[in-house]
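Reviewing the structure listed below.
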Amino acid sequence: MANKEPQQIDLFHRRVLKAKPFLKWAGGKGQLLPEIEKRLPKKIKNTRKVDNYVEPFVGGGAVFFYLNNNYTIKKATLIDNNKELIIGYKVIQNNPQELIEQLRSIERQYLKKSSTERERFYYEQRDKYNKQMRDFDYQHYSEEWIKRAVYLIFLNRTCYNGLFRQNSKGEFNVPMGRYKNPTICDAKNILEVHESLKKATIICGDFSEAEQYITQDSFVYFDPPYRPLSNTANFTDYSNAGFTDEEQKRLAAFYKKMDKRGAFLMLSNSDPKNEDPNDDFFDKLYAEFNIQRVKAKRAISCKGTGRGEITELLITNY
Ligand SMILES: C[S@@+](CC[C@H](N)C(=O)[O-])C[C@H]1O[C@@H](n2cnc3c(N)ncnc32)[C@H](O)[C@@H]1O
């Protein structure tokens with residue numbers, strides 16, 4: 001150990017940290033990681049360091065956790081406009097032990113129930129979670145946030161498909177899943193996520209708030225809600241306000257502005273050419289940048305029918 005180069009020592013320590021997303025989140029980038037890694041800016045690949053990482057649509061954070069496990073991130077800013085998700089991040093950042101205790105307790109209660117009792121319990125929790133939303137104080141951090149994060153993680157771990165989906169009123173509306181032995185409290189991962197978040201500023205807000213954190217040389221990874229691949233796909237899994245073509249254009253304008261600032265930018269999106277070879281919406285929007293099409297597997301319609309190989313877009317300014 002004593003004769004190791006500083007970089008080797010660093011890598012040795014990093015390998016110990018294995019944080020992964022604490023929620024299953026629609027649009028998680030787990031399977032695109034090798035393609036993303038191949039296209040990281042040269043400076044990051046060579047030094048294995050990221051001085052300032054900014055992720056304006058963090059979701060489950062698959063890319064942030066992966067990079068943080070394998071590279072040295074000095075400073076990170078993670079943004080998302082889903083306030084329930086951000087409660088989860090802030091509670092893990094501030095009160096991991098209390099969260100673990102409460103999750104252990106709900107896990108104990110749940111696992112010893114019969115399947116009928118589990119069903120009743122699940123819908124009771126879902127109901128309480130939705131009712132609490134009406135007068136919950138999302139502005140000021142408090143003990144109540146820990147309880148709300150417990151509901152969030154419990155529901156995410158026990159609901160159908162493990163997804164977080166809200167209806168137009170913002171209510172969590174996923175039915176119960178049928179897992180025999182779900183892990184509701186993954187204490188080890190919560191502690192590792194807590195470690196990873198020590199260097200992070202976590203913000204609930206619009207992607208444009210990233211502007212004040214993006215400096216020359218920052219690395220910014222944008223993963224906005226996908227532009228639906230088919231006209232019929234009504235993809236509103238993340239929040240009740242859809243990310244329309246107008247929003248995609250507003251984002252492209254922001255990307256251009258940050259490009260001028262000198263930051264390294266990477267953006268992913270669905271490729272409309274999978275469905276309509278003449279649809280060059282993104283090709284036009286990002287014409288002056290480096291647009292690459294990478295292979296991916298995912299459900300291409302909201303009904304989950306067309307699973308198969310499709311391409312996704314990775315757009316960099318370097
Ligand atoms: C494709 S997901 C990100 C998935 C993430 N990369 C992962 O691996 O889990 C898009 C995220 O953008 C968030 N979002 C939607 N509109 C936004 C906006 N205007 N500003 C910031 N975040 C937004 C959603 O809440 C969602 O979490």
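The values are calculated or read from the model by the stated rules, or taken from the named source; none is laboratory data. Please read all numbers here as calculations on a predicted model, not as lab measurements. Reconstructed Cβ throughout: ideal geometry from the backbone, glycine too, with neighbour counts over all protein chains shown.
What do you reckon, is ILE153 more than 28 Å from PHE243 (Cα to Cα), modelled with pLDDT of 95 or more, among the hydrophobic types (A, V, I, L, M, F, W, C) and not assigned by TED's automatic domain parsing to the domain that holds GLY61? It is false that ILE153 is more than 28 Å from PHE243 (Cα to Cα), modelled with pLDDT of 95 or more, among the hydrophobic types (A, V, I, L, M, F, W, C) and not assigned by TED's automatic domain parsing to the domain that holds GLY61. Here TYR71 clears all of (1) assigned by TED's automatic domain parsing to the domain that holds PRO21; (2) within 16 Å of the ligand (Cβ to nearest atom); (3) of a type outside the set (S, T, N, Q) except the condition numbered (2). The residues in region 55-109 that are in contact with a Ser or Thr (Cβ under 7 Å, 6 or more places away or on another chain) and over 13 Å from VAL193 (Cβ atoms) can be counted, and the count is 3.
Yes/no matrix, rows are residues, columns are (1) closer than 18 Å to VAL174 by Cβ; (2) loosely packed, with under 15 Cβ neighbours inside 10 Å:
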{"site": "PHE57", "(1), (2)": "no, no"}
{"site": "ALA62", "(1), (2)": "no, no"}
{"site": "LEU67", "(1), (2)": "no, no"}
{"site": "THR72", "(1), (2)": "no, no"}
{"site": "ASP80", "(1), (2)": "no, no"}
{"site": "GLU84", "(1), (2)": "yes, no"}
{"site": "SER105", "(1), (2)": "no, yes"}
{"site": "PHE121", "(1), (2)": "yes, no"}
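Please tell me if GLU37 is within 13 Å of the ligand (Cβ to nearest atom), among the acidic types (Asp, Glu) and not assigned by TED's automatic domain parsing to the domain that holds ILE146. No: the conditions fail for GLU37.
Can ALA210 be described as of a type in the set (A, V, I, L, M) and over 30 Å from ARG104 (Cβ atoms)? It is true that ALA210 is of a type in the set (A, V, I, L, M) and over 30 Å from ARG104 (Cβ atoms).
In summary, LYS90 fulfils each of the numbered conditions (1) closer than 23 Å to THR183 by Cα; (2) of a type outside the set (A, V, I, L, M, F, W, C); (3) at pLDDT below 95; (4) within 16 Å of the ligand (Cβ to nearest atom) with the single exception of condition (3). The set of residues from region 207-221 being within 9 Å of the ligand (Cβ to nearest atom) and touching a strand residue (DSSP E or B) at 6+ places or on another chain (Cβ under 8 Å) comprises PHE207, GLU209, ALA210, TYR221. In region 238-260 there is at least one residue that is modelled with pLDDT under 90, touching a helix residue (DSSP H, G or I) at 6+ places or on another chain (Cβ under 9 Å) and aromatic (Phe, Trp, Tyr). The single condition from (1) under 28 Å from PRO225 (Cα atoms); (2) touching a helix residue (DSSP H, G or I) at 6+ places or on another chain (Cβ under 9 Å); (3) assigned to a helix (DSSP H, G or I) that ARG104 fails is (1).
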